[in-house]
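Worksheet: one structure, shown below.
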Amino acid sequence: MDYRQYIAEKICVEGMRTEEIAALLAVPPDPAMGDYALPCFRFAKVLKKSPALIAQELAAAIAADDVIAEVSALNGYLNFKVNKAGMAQDVLVRILREGERYGASRMGEGKVVCIDYSSVNIAKPFHIGHLSTTVIGGALYRIFTFLGYRAVGINHLGDYGTQFGKLIAAYKKWGDRETVEQGGIHAVNDLYVRFNSEADEAMEAEAREYFRLIESGDKEANALFDWFKSLTLAYVQKIYDRLHITFDSYAGERFYSDKMEPVVEELREKHLLQESEGAQIVDLEPYGMPPALILRSDGASLYLTRDLAAAIYRYNTYHFAKCLYVVAYQQNLHFKQLFKVLELMGRDWAKDMVHVAYGMVSLEDGAMSTRKGKVVWLEDVLTRCVEKARAVLEEKNPSLENKDEVAELVGVGAVAFGALCNNKIKDIVFSYDRALNFDGETSVYLQYTCARAASVLGKAAAEGLSADTVPAVAPCAAEAELLKQLAAFPKAVEQAAEKYEPSVVSRCLLDTAKLFNRFYLECKIMQAEGDVRAFRLALTKAARTVLKNGLALLGIGVPEKM
Ligand code: ARG
């Protein structure tokens, strides 16, 4: 039941539509005042009466019923108390009925959202700096899907550029098939690093030649490139699997090799292209930005050129309602320029493109560094966190079965949650100990709360008690607070999508867990009897459903026992 809507329909104010009144209904900070309140101040002018009088007259005109337990007027506010037993039933019945779908909606039906995330670079380290784009993108992908959109997950691979010429030159000089096959992406990266520190002018020239060969379709050069690419993708796939990340498209920068020329042509035709020191640029000075570099003086395309072609391709292919780029804030200017150039080209959908920027992640013990050899690989962070999680579990619950599997869910979840629990633009310093604190604002706290609820439900089931019937019981304060929080989950999911901010879901889950644990400590569940026990079991199941659904949206698994 939509309480706002129900209450709003009872209120008649001249010149106001029901929806407008519903939007004005606020939740008073003190539940003793009421569950909903309508401030009457803004009606005073039109109705030519004091807010206090308006509130009194409105209160007198509304009768209590099954839903509205009490109506009163105080200081210009019209206060409503809803029937708590009714509300409780309403919320619980809905959650138990909808189960895994609770929080889902059809609001996005018929609309496509393209989401560009993770977008790894071939033959380069997949490092801690890729954590946020990967897990925030993955969470947005699931959130939009949950809301009925068709999400298209795109891994815009960094597979274009002179560095691949360097890599081939390095491989030819120092590499061999066996070492690379065994060492995989690490061996490939080593070659690249070695090139950068040891290559002389002759090797640089060779690298340029190899790059030219890739471009011109040379068989051998392309075979090597494809090999490096498949090694990289096989490697990152293992990490994606652990983080529950999927994609619908791996069309990377190279995919646009033959799609840039028409774009450059169009820019020229529209008189947007200018020559500057031999290069082709779009002047963005009137918009307070440096020029957008389209072609270098040697005719080579740039990252921006490929993004222009990619955006146009995406629009033509998917007819997106939104196109999101989950990319670090360091690229703010790049995306501002990209969107501006598209706008100047007359693409009115440029307004539907969004740079979903996020902050930096560093490790407490060893800052992220891109300098040679100092990179923190994401895989190592996952491995380390899983090891630590294993140790924590061993200490907390030595008799736990499947410790390895639980440690994997806890450890990987903790790393992901590190990038999902705070406002995404904030820089974060990841600490293993903080992330694995059972009592902190952590994923392990959420997982543990879920397991606690599961254990109660397991005991109930063993005694033949159902958690699926919802008797009419007036909830106590702890129960009512939890119920309100559970009722707020669908809105949180919607807001997370609206703001491109998965942390709205994370925060909602942390609040839910806190209120569930308070309820768990204050209210006896299994020691209660009859309707009260049945009600509490249903509430426990509903809380677990919300926690599970929310964690699933974040890509975090839930162990049955912990
Ligand atoms: N591969 C790029 C990088 O690591 C990110 C690509 C983001 N997506 C895009 N369409 N530009 O910086």
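Every number in this text was worked out from the coordinates using simple rules, so none of it is lab data. Note that the structure is a prediction, hence the values are computed from the model and not measured. No Cβ is skipped: glycine too gets one built from the backbone with ideal geometry, and neighbour counts run over all protein chains shown.
Worth a mention:
- Complete set of residues in segment 184-204 that are closer than 19 Å to V236 by Cα, in contact (Cβ under 8 Å) with a residue 12 or more places away in the chain and out of contact with any helix residue (DSSP H, G or I) (no Cβ under 8 Å at 6 or more places or on another chain): N189
- Residue in segment 342-354 that is under 22 Å from the mean Cα position of the chain (by Cα) and within 11 Å of the ligand (Cβ to nearest atom) present: yes
- Test: residue in segment 268-282 that is buried (at least 17 other Cβ atoms within 10 Å of the Cβ), on the phi < 0 side of the Ramachandran plot and within 15 Å of the ligand (Cβ to nearest atom): no
- Scanning segment 110-122 for residues that are within 12 Å of the ligand (Cβ to nearest atom) and crowded, with 21+ Cβ neighbours inside 10 Å, we see that the one that is farthest from Y432 (Cα to Cα) is C114.
- Index of the failed condition, V71 passing every other in (1) in a loop (DSSP other than H, G, I, E, B); (2) buried (at least 17 other Cβ atoms within 10 Å of the Cβ): (1)
- Sub-8 Å Cβ pairs linking a first residue in segment 147-158 that is within 13 Å of V112 (Cα to Cα) to a second residue that is in a loop (DSSP other than H, G, I, E, B) and within 12 Å of the ligand (Cβ to nearest atom), at least 6 apart or interchain, are G153/Y117; I154/Y117; I154/S119; I154/A251, ordered by first then second residue.
- Among the residues of segment 1-14, those that are closer than 16 Å to A55 by Cα and touching a residue at least 24 places away in the same chain (Cβ under 8 Å) comprise I7, K10, I11, C12, V13, E14.
- Only helices (runs of 4 or more DSSP H) whose full extent lies in segment 126-228 are considered here, and the ones with at least 2 residues that are within 16 Å of the ligand (Cβ to nearest atom), under 30 Å from V356 (Cβ atoms) and not polar (S, T, N, Q) are 131-146, 177-198.
- Residue pairs meeting the criteria (Cβ under 8 Å; at least 6 apart or on separate chains; first within 22 Å of C323 (Cα to Cα), in segment 112-132; second among the basic types (K, R) and near the ligand (Cβ under 10 Å from one of its atoms)): C114/R314
- Subset of segment 328-341 (residues that are aliphatic (A, V, I, L, M) and within 12 Å of the ligand (Cβ to nearest atom)): A328, L338
- Of the criteria (1) touching a residue at least 60 places away in the same chain (Cβ under 8 Å); (2) within 21 Å of L409 (Cα to Cα), which one C508 fails: (1)
- Taking each residue of segment 482-502 that is on the phi < 0 side of the Ramachandran plot and looking for partners that are acidic (D, E) and surrounded by fewer than 23 Cβ atoms within 10 Å (Cβ to Cβ) with beta-carbon atoms closer than 6 Å, six or more apart or interchain, yields Q485/D511.
- Lone unmet requirement of (1) surrounded by fewer than 20 Cβ atoms within 10 Å (Cβ to Cβ); (2) in contact with a strand residue (DSSP E or B) (Cβ under 6 Å, 6 or more places away or on another chain) for Y500: (1)
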